[in-house]
Amino acid sequence: MSAIDQRLAELGLKLPEAPQPVANYVPYLLSGDQLFVSGQVAKDGMGTILTGTLGAGVSIEEGQEAARHCALNLLAQAKAALGDLSRIVQVLRLTGFVASAPDFTDHPKVINGASDLLVAVLGDAGRHTRSAVGVASLPLNACVEIDAIFKIR
Amino acid sequence: MSAIDQRLAELGLKLPEAPQPVANYVPYLLSGDQLFVSGQVAKDGMGTILTGTLGAGVSIEEGQEAARHCALNLLAQAKAALGDLSRIVQVLRLTGFVASAPDFTDHPKVINGASDLLVAVLGDAGRHTRSAVGVASLPLNACVEIDAIFKIR
Amino acid sequence: MSAIDQRLAELGLKLPEAPQPVANYVPYLLSGDQLFVSGQVAKDGMGTILTGTLGAGVSIEEGQEAARHCALNLLAQAKAALGDLSRIVQVLRLTGFVASAPDFTDHPKVINGASDLLVAVLGDAGRHTRSAVGVASLPLNACVEIDAIFKIR
């Protein structure tokens, strides 16, 4: 068991199966020392999509939980790509898309659900640059979608 | 005629002129083995923008056709940058922005218009990671905009 | 005083303090010859967020001014990361998110506020690929948010 698998266990977290793409693309690609992971929608360990719109029925706490699942799915893809999460040198970039009402302004709190999890699991390697924006709608009515670029060894 | 030009001809496809940027930026940049291409809005071979909003008047089929034009414009830019599309090792990343009503949820089907075309033209090198999201509006009222990062040789 | 600091002074521009992230992420990361900078919202030199929605109360000119501040904040982060802006070889990519009403279509003019400033300050090194899209809402009710990838030496 790697140090990161142990950390996941200590945190009571279990990586889901790496989700299959919902269309004609691939979940991840390696290019030199970068790993690109496709946008992961908020899908829990049972395969249920967390749906709806922030500022129109979905609370910040529910959005954070959704973002946490996006991050777990990103890690599941990274594990499928790399075999071992300890090959992650750094999470370089997250782009967090939050399905939002026009007057919603707490996207940073929502995407923190993902950011906090990545730092909890990966330590300093989980610290990343990011953008968080409010979009009109997301695939499958998901309330959050996040993509990532990792630096790897 | 390169193998990819031949493939384009077999598919009955013709690359448009690489569209000029609509503002103060450049259409593409090379950096090491990566080619960054600016967001290409849905513009057909006659220069007409495919406009409107998915879920509010534009059908999924029309959106797919728009995404197909975005992909052709991405390839036209890549050809202008590289001279020969066979220098594309892999399409690393697409980000697909779909002008969407708040209740639209079929962004993946729309962006498949681009994904399917890239795989048809480039084969395995056309397989890519991607994100698809629904935005409030796009430049020139385009219904789809897609940007890309390519790995090149 | 570096050539770029001199250019900033000639343009009457002053870099703000590099803004602190509003949540659990880092403002920038270096990876090989790339510098990733987190999404910078429109915040002026006094720390005031430029708020609102294009096409619903915020004018194009106000949006351009907001984008200009995003660009200054991107440069402030780059300076904090690099020490000297002359280490920027090229601005590779901007992604410009504009808080927009569904019928707003002038995103390119808005994001030119950032593009023009980067070219004015950095010259050819400031020329970049970009995407500009209209989003439902942005953090802190900002009217513009822009992230960037730089090529550095």
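Derivation of every value follows stated rules applied to the coordinates shown; laboratory data play no part. Since this is a predicted model, take the numbers as computed values, not measurements. Cβ sites come from the backbone with ideal geometry, for glycine too, and all protein chains shown count toward neighbours.
Numerical summary
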{"quantity": "Position C:G47, label points 7 Å along Cα→Cβ, spacing to each other copy in nm (shortest first, one decimal)", "calculated": "5.1, 5.1"}
{"quantity": "FRET efficiency estimate (nearest 0.05) - Cβ-Cβ, A:Q6 to B:M46, R0 60 angstrom", "calculated": "0.50"}
{"quantity": "Between segment A:9-40 and segment A:94-153, the Cα center-to-center distance that results, in Å", "calculated": "14"}
{"quantity": "Neighbour net charge for B:Q64 - beta-carbon separation under 12 angstrom, K R +1, D E -1", "calculated": "-3"}
{"quantity": "Virtual spin-label span in nm between A:E61 and A:D103, 7 Å along Cα→Cβ", "calculated": "2.3"}
{"quantity": "Ranked C:S31, B:S59, criterion: other C-beta atoms within 10 Å, fewest first", "calculated": "B:S59, C:S31"}
{"quantity": "Cβ-derived FRET efficiency at R0 25 Å, C:L30 paired with B:V89, nearest 0.05", "calculated": "0.55"}
{"quantity": "Whole-number percent relative contact order across segment B:28-152, with pairs defined as alpha carbons under 8 Å at least 6 apart", "calculated": "41"}
{"quantity": "Expected 222 nm ellipticity per residue - DSSP helices of 4 or more, -39500 (n - 2.57), all of chain B, to 500", "calculated": "-10000 deg cm²/dmol"}
{"quantity": "Nearby aspartates and glutamates by direct alpha-carbon distance to A:K14 (threshold 15 angstrom, same-chain neighbours under 8 apart not counted)", "calculated": "A:D5, A:D44, A:E65, A:D84"}
{"quantity": "Other-copy label distances relative to C:A80, 7 angstrom Cα-Cβ extension, nm", "calculated": "3.6, 3.6"}
{"quantity": "Rounded FRET efficiency, nearest 0.05, which uses the C-beta distance separating B:K14 from B:L140 and R0 of 30 Å", "calculated": "0.85"}
{"quantity": "Shortest-first distances to equivalent copies, position B:D124, nm, label 7 Å out along Cβ", "calculated": "3.9, 3.9"}
{"quantity": "Rounded to 5, the percent of DSSP beta bridges in segment C:37-144 classed as antiparallel", "calculated": "25"}
{"quantity": "Positive minus negative residues near C:D147 (Lys, Arg vs Asp, Glu; Cβ under 10 Å)", "calculated": "+2"}
{"quantity": "Fraction of beta bridges assigned by DSSP in the protein assembly as shown that are antiparallel (%, nearest 5)", "calculated": "70"}
